[in-house]
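Here the structure is laid out as structure tokens; the discussion comes afterwards.
The values are calculated or read from the model by the stated rules, or taken from the named source; none is laboratory data. For clarity, every value in this text was computed on a predicted model and none was experimentally measured. Every residue, glycine among them, receives a Cβ derived from its backbone with ideal geometry; neighbour counts consider all protein chains shown. Surface areas here come from the heavy atoms of the whole protein model, side chains and all, with no ligands, DNA or RNA. Shrake-Rupley method; radii C 1.70, N 1.55, O 1.52, S 1.80 Å.
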Amino acid sequence: MVKQLRDQFVLPLAALCVIIVVYYQRHLPSFDEQSNSTFTSDMALEVTQQASYQNRRRLTALAALKDLEGVMLGVNPKTAGSTGKLKVGDWSTTDQNGSSTKKPIAVLHIGPPKTGSSSLQWSIRDADAVNAITNDGYSMPWHVKKIRDGRNHDTSENEFLSCFLCEERKKKLEIGRGKPMCPEGELSMMEQLGKEGKNVFLSAEGFCYSCLDVPSMAAFLDNYWDTTIIYLHRWFHDWVFSLYGQHAKGFEKKSFEDFMAARGSGNVYYFSLLKYFQPIYERDFSFSDYKSIYKYRQHFHNVVALDFNDHNASLHEKVFCDGVPNAKNTCEYFSHHEVEMINQAHPLVYNNIAYGANMVALATYCSRDHFDEVIEKIKHHQEVTLGRTHSDFPVKCLDNAILERLIEVSLEHRRNILTDIPLTKDAEEEVRKEYWMKIKEKSCEEDMDKIFEMPEWLEFFDGLENDTSCNKSI
């Protein structure tokens, strides 16, 4: 009877699946087909991104169809050897008693920094987004904890991941947040969710900390979950300049006391682009948080690398449509809701000039308000009095040797991280051309020595002495 049912229904369906798979292989555009197109300087990156997106969708469709083929034939995709490219649902197995051994899913979005993590984390706190994620079967334990404790920004995934951090980094977090990290019962709460068979979604850039004990965390998670790691790949040459901007903004936000202390220690110029890049060039642009994906690949079987630079889908669509398994509702929600990106970069040229003027004793400041007031006056003088823009100052730039090494490191990471979406040689050459066309805009900074020799600026700073009643006795 079983054999008859198999012959009449199962085998014909399996054959149909094979036909569909072959059809998709022959008719869906592959990346190789896309790569035969003629690239132009204006269209190369866009074509590459479209091919990337189509290829990823193609892999998803093929993976689903091949898993379905396995189901029809009675083959377990996990034990038969799947493509390992993208995770398309789970395959339940049974133990010797016939009980299901299927694990729930844990998704860890690990960043890295400067790939939209803050925007993602803010947007998933929205009530409608929470409903969509919940309807997809995922728990966000720290979101619930925030509501339960009645606190804001006071709990996060950092409490969980800090249980696997080195003591030095953990202490820094505790000092910065003013409370213990990995509090008592933190791992017990996660264990309980695992025992209850709950899917969980966690997002934190702290998962990229260099001293995070990834093997121990992987072992802990493997007790209860099938874990998916989501990593956003951003071109390294864009990423490193964005990181510099973040550090510069951090310096801008220092308290006035910290600013004066930095001045006294000689560290005030750390906002300098040239001084920032020289040591990282000497260590060959090695950043542990950017390279964290390589470590995760050693300890997790399902690491999904998504293309941050792909403009055919929003960041949230990439994460929830192409990264998180079985997130249909959340994918649909973010496909129809535009999310504002936060932590956007903005020019710091006037702040830099104010810092520089202090270093060469052209200006002193008695308070943060006074400092901010001078920044506004510098801006007014440049844009109104002189009729210029923030881009019209004399500049000095990074050496070509640094810039040449930067693009090669960037391409190397691209090849190693987005292994499922390879670039052709022609596409790589277009990336290089685009890079050299735009890099000069990013790789130069104001030449303070020349600025402070210009008569219009010497006169401006001389005039500041009579332009405020602030006591400059510092």
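Some observations on this one:
- Pick from region 302-335, criterion open to solvent by less than 50 Å² (accessible area, probe 1.4 Å) and charged (D, E, K, R), ranking: nearest to the chain's Cα centre (by Cα): ASP307
- Matching option when the condition is assigned to a loop (DSSP other than H, G, I, E, B), within 25 Å of the chain's Cα centre (by Cα) and surrounded by 13 or more Cβ atoms within 10 Å (Cβ to Cβ), among LEU403, LEU411, LEU423: LEU423
- Residues of region 114-130 that are open to solvent by 20 Å² or more (accessible area, probe 1.4 Å) and under 16 Å from the mean Cα position of the chain (by Cα): LYS114, SER118, GLN121, TRP122.
- Per-region count, region 285-301, residues open to solvent by less than 10 Å² (accessible area, probe 1.4 Å), at pLDDT 95 or above and farther than 15 Å from CYS211 by Cα: 0
- All conditions in (1) among the charged types (D, E, K, R); (2) free of Cβ contacts under 8 Å to residues at least 24 places away in the same chain; (3) in contact with a His (Cβ under 8 Å, 6 or more places away or on another chain) hold for ASP307, with the sole exception of (2).
- Subset of region 446-459 that is at pLDDT 95 or above and more than 42 Å from the chain's Cα centre (by Cα) - its residue that is surrounded by the most Cβ atoms within 10 Å (Cβ to Cβ): GLU456
- PHE277 being among the hydrophobic types (A, V, I, L, M, F, W, C), out of contact with any strand residue (DSSP E or B) (no Cβ under 6 Å at 6 or more places or on another chain) and at positive phi: no
- For GLY194: the one exception among (1) farther than 23 Å from ARG169 by Cα; (2) assigned to a helix (DSSP H, G or I); (3) touching a helix residue (DSSP H, G or I) at 6+ places or on another chain (Cβ under 7 Å): (3)
The rows are residues; the columns are (1) more than 16 Å from PHE201 (Cβ to Cβ); (2) in contact with a strand residue (DSSP E or B) (Cβ under 7 Å, 6 or more places away or on another chain); (3) modelled with pLDDT of 85 or more.
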{"residue": "LYS318", "(1), (2), (3)": "no, yes, yes"}
{"residue": "PHE334", "(1), (2), (3)": "no, no, yes"}
{"residue": "ALA345", "(1), (2), (3)": "yes, no, no"}
{"residue": "LEU348", "(1), (2), (3)": "yes, no, no"}
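Conditions tested, residue by residue: (1) surrounded by fewer than 21 Cβ atoms within 10 Å (Cβ to Cβ); (2) at pLDDT below 95; (3) farther than 28 Å from GLY137 by Cβ; (4) in contact with a His (Cβ under 8 Å, 6 or more places away or on another chain).
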site	(1), (2), (3), (4)
SER156	yes, yes, no, no
LEU165	no, yes, yes, no
LYS171	yes, yes, yes, no
GLY176	yes, yes, yes, no
PRO180	yes, yes, yes, no
VAL200	no, no, no, no
GLY206	no, yes, no, no
SER210	yes, yes, yes, no
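- Residues in region 219-234 that are touching a helix residue (DSSP H, G or I) at 6+ places or on another chain (Cβ under 9 Å) and either open to solvent by less than 10 Å² (accessible area, probe 1.4 Å) or assigned to a strand (DSSP E or B) (or both): LEU221, TRP225, THR227, THR228, ILE229, ILE230, TYR231, LEU232, HIS233.
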